[in-house]
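Trainee: The following block contains the structure, expressed as structure tokens.
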Amino acid sequence: MDDFFQRVGTRATAPWPAGRRDLHIHILPTPSEAETLTAPYRGLAESPGLHTVPAEWIHVTVLHGEPMEQLTKEEVTGIGDRLTAALAAVEPFDLVLNPATPGTVALECAGHPGEPARRLWELAREAVRAETGDRWPLLPSAYYPHVSIAYAGAEAEQADRTALKIWLSDHVADPMTVRADALQLVAQWHDGAYIRWEQLRVIPIGPSDQQPGEC
């Protein structure tokens, strides 16, 4: 596998170096959903080359925006306000996360249905573009919903894909359903091994009288 953190830190388009806070927009599972999702994979914590994601930092990224240092408070507020208005006309939905499989840089749980999740991605891009224009590339450029259970790090070459597939074949994990009833704006950073964030705003999906689930 390849080092996720090295890849995002040095990519030609919108590099994300360690320590820098960037605007991200997420679907976040509730604490109980996150615990249920990560429990089957706890044995992977000792796998060479991998950094398993603690339950409290499990996330479904919808959009990766620009560095927080390049955003004004008014722009962040404007993004949130635009999303609030747009999401009032969107129905909440259940996002089903499949058991994890080894990807190029992470163990991923692919999600479905893709169409309503892509609609959130489209609305998030529209809100950010309306406030900031084209001064920073928005990622990803094409979207599929997923959760990363573990990222490959500095010793990624030790993460043997065949060994991981064997381990996963011996440990049963059922599909997990997460209720997508809110988006969260966060200021997110990584340290080359783990991802963390500071919550900025919770935006309900659906009519304003519909309350989002616990976050």
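Here's the yes/no breakdown for (1) at pLDDT 95 or above; (2) in contact with a Phe, Trp or Tyr (Cβ under 6 Å, 6 or more places away or on another chain); (3) polar (S, T, N, Q):
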site	(1), (2), (3)
Glu35	yes, no, no
Thr38	yes, no, yes
Arg42	no, no, no
Glu46	no, no, no
Pro54	yes, no, no
Trp57	yes, no, no
Gly65	yes, no, no
Leu71	yes, no, no
Thr84	yes, no, yes
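Trainee: Okay, next question. Of the residues Glu122, Glu131, only one is more than 30 Å from Gly43 (Cβ to Cβ), assigned to a helix (DSSP H, G or I) and under 16 Å from the mean Cα position of the chain (by Cα); which?
Mentor: Working: Glu131 fails: under 16 Å from the mean Cα position of the chain (by Cα).
Of Glu122, Glu131, the one residue that is more than 30 Å from Gly43 (Cβ to Cβ), assigned to a helix (DSSP H, G or I) and under 16 Å from the mean Cα position of the chain (by Cα) is Glu122.
Trainee: Do we have any residue at all in segment 100-109 that's small (Gly, Ala, Ser) and touching a strand residue (DSSP E or B) at 6+ places or on another chain (Cβ under 6 Å)?
Mentor: Let us first name the residues in segment 100-109 that are small (Gly, Ala, Ser), namely 100, 103, 106.
The next check asks that each one be touching a strand residue (DSSP E or B) at 6+ places or on another chain (Cβ under 6 Å); those that pass are 100, 106.
Yes, some residue in segment 100-109 is small (Gly, Ala, Ser) and touching a strand residue (DSSP E or B) at 6+ places or on another chain (Cβ under 6 Å).
Trainee: All but one of (1) surrounded by 17 or more Cβ atoms within 10 Å (Cβ to Cβ); (2) over 15 Å from the mean Cα position of the chain (by Cα) hold for Val186, so report the exception by its number.
Mentor: (2)
Trainee: If the requirement is being crowded, with 22+ Cβ neighbours inside 10 Å and at pLDDT 95 or above, which of these qualifies: Ala142, Ala159, Ala127?
Mentor: Values: Ala142 fails: crowded, with 22+ Cβ neighbours inside 10 Å; Ala159 fails: at pLDDT 95 or above.
Checking each option against the conditions leaves just Ala127.
Trainee: Hey, can you tell me all the residues within segment 144-159 that are touching a residue at least 40 places away in the same chain (Cβ under 8 Å) and assigned to a loop (DSSP other than H, G, I, E, B)? Outline the logic, then answer.
Mentor: Just the residues of segment 144-159 that are touching a residue at least 40 places away in the same chain (Cβ under 8 Å), to begin with: 145-159.
Across segment 144-159, the qualifying residues are Pro145, Gly153, Ala154, Glu155, Ala159.
Trainee: A further question follows. What residue, of Val178, Val186, Val202, is in contact with a Cys (Cβ under 8 Å, 6 or more places away or on another chain) and under 30 Å from Glu122 (Cβ atoms)? Break it down into steps so the answer makes sense when it comes.
Mentor: Working: Val178 fails: in contact with a Cys (Cβ under 8 Å, 6 or more places away or on another chain); Val186 fails: in contact with a Cys (Cβ under 8 Å, 6 or more places away or on another chain).
Residue meeting the stated conditions: Val202.
Trainee: Select from segment 70-110 the residues that are polar (S, T, N, Q) and farther than 16 Å from Pro40 by Cα and write down the one among them that is surrounded by the fewest Cβ atoms within 10 Å (Cβ to Cβ). Quick ask: steps written out before the conclusion?
Mentor: Going residue by residue through segment 70-110, those that are polar (S, T, N, Q) are 70, 72, 77, 84, 98, 101, 104.
Next, only the ones that are farther than 16 Å from Pro40 by Cα stay: 70, 72, 77, 84, 104.
Values: Gln70: 13, Thr72: 10, Thr77: 14, Thr84: 15, Thr104: 12.
Ranking the qualifying residues of segment 70-110, first place goes to Thr72.
Trainee: State the number of residues belonging to segment 85-106 that are in contact (Cβ under 8 Å) with a residue 12 or more places away in the chain and not in a loop (DSSP other than H, G, I, E, B).
Mentor: Summing the residues that are in contact (Cβ under 8 Å) with a residue 12 or more places away in the chain and not in a loop (DSSP other than H, G, I, E, B) in segment 85-106 gives 10.
Trainee: Which numbered condition in (1) assigned to a loop (DSSP other than H, G, I, E, B); (2) surrounded by 13 or more Cβ atoms within 10 Å (Cβ to Cβ) is the only one that Asp174 fails?
Mentor: (2)
Trainee: Going by what's in this entry, would Leu50 be described as crowded, with 21+ Cβ neighbours inside 10 Å and within 20 Å of Leu183 (Cβ to Cβ)? So that I can check it myself, show each step before the final result.
Mentor: On the way: crowded, with 21+ Cβ neighbours inside 10 Å: yes; within 20 Å of Leu183 (Cβ to Cβ): no.
No: the conditions fail for Leu50.
Trainee: What are the pairs with Cβ atoms under 9 angstrom where one residue, in segment 61-84, is at positive phi and the other, located anywhere, is of a type in the set (Gly, Ala, Ser) and part of a strand (DSSP E or B)? Sequence gap at least six, or different chains.
Mentor: Filtered contacts from segment 61-84: no entries.
Trainee: Among the numbered criteria (1) over 24 Å from Ala12 (Cβ atoms); (2) in contact with a strand residue (DSSP E or B) (Cβ under 7 Å, 6 or more places away or on another chain), which single criterion is violated by Glu131?
Mentor: (2)
The values are calculated or read from the model by the stated rules, or taken from the named source; none is laboratory data. Because the structure is predicted, anything quoted here is derived from the model rather than measured. With ideal geometry, Cβ positions are generated from the backbone for all residues, glycine too; neighbour counts draw on all protein chains shown.
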